[in-house]
1. Quick one: count up the residues across the stretch 243-285 that are assigned to a loop (DSSP other than H, G, I, E, B), free of Cβ contacts under 8 Å to residues at least 60 places away in the same chain, farther than 20 Å from Thr169 by Cα and more than 11 Å from the ligand (Cβ to nearest atom).
2. In this structure, is Glu41 at pLDDT 95 or above, over 18 Å from the mean Cα position of the chain (by Cα), on the phi < 0 side of the Ramachandran plot and not in a loop (DSSP other than H, G, I, E, B)?
3. If you go through the stretch 49-65 one residue at a time, do you hit one that is in a loop (DSSP other than H, G, I, E, B) and of a type in the set (Asp, Glu)?
4. Scan the stretch 90-110 and give yes if some residue there is within 16 Å of the ligand (Cβ to nearest atom), within 30 Å of Arg31 (Cβ to Cβ) and touching a residue at least 60 places away in the same chain (Cβ under 8 Å), otherwise no.
5. With the requirement that a residue be part of a loop (DSSP other than H, G, I, E, B) and farther than 17 Å from Trp335 by Cβ, what does the stretch 81-105 give you?
6. Does Thr125 fit the bill of being at pLDDT 95 or above, hydroxyl-bearing (Ser, Thr, Tyr) and within 22 Å of Ala186 (Cβ to Cβ)?
7. Condition test on Leu223, is it outside the structural domain of Leu115 (by TED's automatic domain parsing), open to solvent by less than 10 Å² (accessible area, probe 1.4 Å), over 11 Å from the mean Cα position of the chain (by Cα) and modelled with pLDDT of 95 or more?
8. Just to be sure I understand, how many residues within the stretch 19-29 are in contact (Cβ under 8 Å) with a residue 12 or more places away in the chain and surrounded by fewer than 18 Cβ atoms within 10 Å (Cβ to Cβ)?
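The values are calculated or read from the model by the stated rules, or taken from the named source; none is laboratory data. None of the values given here were measured: they were computed from a predicted structure. As a convention, Cβ positions derive from the backbone with ideal geometry for all residues, glycine included, and neighbour counts pool all protein chains shown. Side chains are part of the model used for accessible areas, which takes the heavy atoms of the whole protein and leaves out ligands, DNA and RNA. Shrake-Rupley method; radii C 1.70, N 1.55, O 1.52, S 1.80 Å.
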Amino acid sequence: MTEPLTDGSDGLERVIAAHTVLSEVDGAAGRLIIRGYSLDELAGRTRYEDLVALLMGGFYDDLPPDLPAALGQARAEVFAEVAALDTGLLDRAPIEAMRALTARLADGDDAATALRLVAAPAVFTAAVVRAQAGEAPVAPDPALRHAADVLRMLRGAPAGDAEADALDTYLVTVSDHGLNASTFAARVVASTRAGLTSAVLAGISALKGPLHGGAPGPIIDMLDEIGEPANARAWIEQALDRGDRLMGFGHRVYKVRDPRADALKQAVRWLDARQGRLEFAEAVEAAALAILRERKPSRSLQTNVEFYTALLLEALAFPPSAFTCVFAMGRVAGWLAHAREQLAGGRLIRPASVYVGPMPRKAA
Ligand code: CMC
């Protein structure tokens, strides 16, 4: 057997598990490149449909030329599954209900399957949120741009252009991010040739955890409990004394500020949301960074994408319980492109383990 690169106890941090043309995360420079474009060229300037085309182009030969129209059609198709929302599912967290509806879609490996999977988190999240609030789900309008339709399905009323632009900024910003845990999970499943739906379900499941995509909901709880800037230091000190992690801070790759944080903060500014909320969040952020520097001087724990995600999705009136679902709405394009890239060039992903259990007793 060849010598292992790592014993796995470092979370595979030093293992290169794929070569990809999809995105590069430079943790030292604080730079994100998505298919040849830096994040600041894309965020705030690109619609999500165009980003889907950018990520999937070359991986799906049968991608329709009018992708926005095809995606609108896919939203309308998957809406049929919303009828399966029953009380059992509505008692679950939105991400679990959304995942269960997504699991109803057939596995396949063509562009039509991929577009239904791009549509699924958007349509199902809006329906679940409304149904949990006792309101009837709203059917998609295939003619609308994706972000505007998501907000309309969520609220039952049209959204303004600034709000749709802000949601596009979010979806584009989180669309792909190197070999993060959910993308790796999606690639592992894709490598078995299980199909695109299976790969996306693996991605959703990995994203759900608070160390990955589950952080922004608890950030709203943190801000609400802190209440005003004067309470920030004491609240944060107590949380760290309990051994809690501060949600929205720290990152496996970024050792400087996550560039996505500023792209999202900018989008929060466009929305004339709750007066003073952004300034309050900035004060909490500054306190958190100062305390993390004091307590962990050897680590560089900086603001990550989730902190301003929480502010942005709150300003767009998504309930905090559904924030991780909105992350999935954006990241699904990355999972689908990575799944195809894995299939095109990769072998079955099957790493090695080192057995450290007891050896069998020798036969007498
Ligand atoms: N608050 C307090 N301490 C922290 C934090 C935090 N947010 N993040 C890391 N640390 C400490 C950790 O306790 C450990 O300390 P020590 O060495 O003294 O035991 C040290 O920093 C290293 O932690 P680690 O778990 O080995 O670091 P990692 O690279 O695996 O962690 C992380 C990355 C994102 C899981 C972690 O920073 C974290 O738990 N952050 C809070 C949750 C969060 O914001 N998640 C969203 C991540 S961004 C979205 C995405 O791209 O997935």
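1. The qualifying residues number 2.
2. yes
3. Kept after step one, since they are in a loop (DSSP other than H, G, I, E, B), are these residues of the stretch 49-65: 57-65.
Okay, now just the ones that are also of a type in the set (Asp, Glu), so 61-62.
Yes, the conditions are met somewhere in the stretch 49-65.
4. Taking the stretch 90-110 first, the residues within 16 Å of the ligand (Cβ to nearest atom) are 95.
Subsequent filtering for residues that are within 30 Å of Arg31 (Cβ to Cβ) retains 95.
Subset that is touching a residue at least 60 places away in the same chain (Cβ under 8 Å): 95.
Checking the stretch 90-110: at least one residue is within 16 Å of the ligand (Cβ to nearest atom), within 30 Å of Arg31 (Cβ to Cβ) and touching a residue at least 60 places away in the same chain (Cβ under 8 Å).
5. Taking the stretch 81-105 first, the residues part of a loop (DSSP other than H, G, I, E, B) are 85-86, 91-93, 103-105.
Once the filter is applied, which keeps residues that are part of a loop (DSSP other than H, G, I, E, B) and farther than 17 Å from Trp335 by Cβ, the stretch 81-105 yields Leu85, Asp86, Asp91, Arg92, Ala93, Arg104.
6. When the stated conditions are applied, Thr125 passes them.
7. Values: outside the structural domain of Leu115 (by TED's automatic domain parsing): yes; open to solvent by less than 10 Å² (accessible area, probe 1.4 Å): yes; over 11 Å from the mean Cα position of the chain (by Cα): yes; modelled with pLDDT of 95 or more: yes.
Answer is yes for this residue.
8. Start the filter on the stretch 19-29 by keeping residues that are in contact (Cβ under 8 Å) with a residue 12 or more places away in the chain, which leaves 19-25, 27-29.
Restricting the remaining residues to those that are surrounded by fewer than 18 Cβ atoms within 10 Å (Cβ to Cβ) gives 19, 21, 24, 27-29.
Adding up the residues that qualify gives 6.
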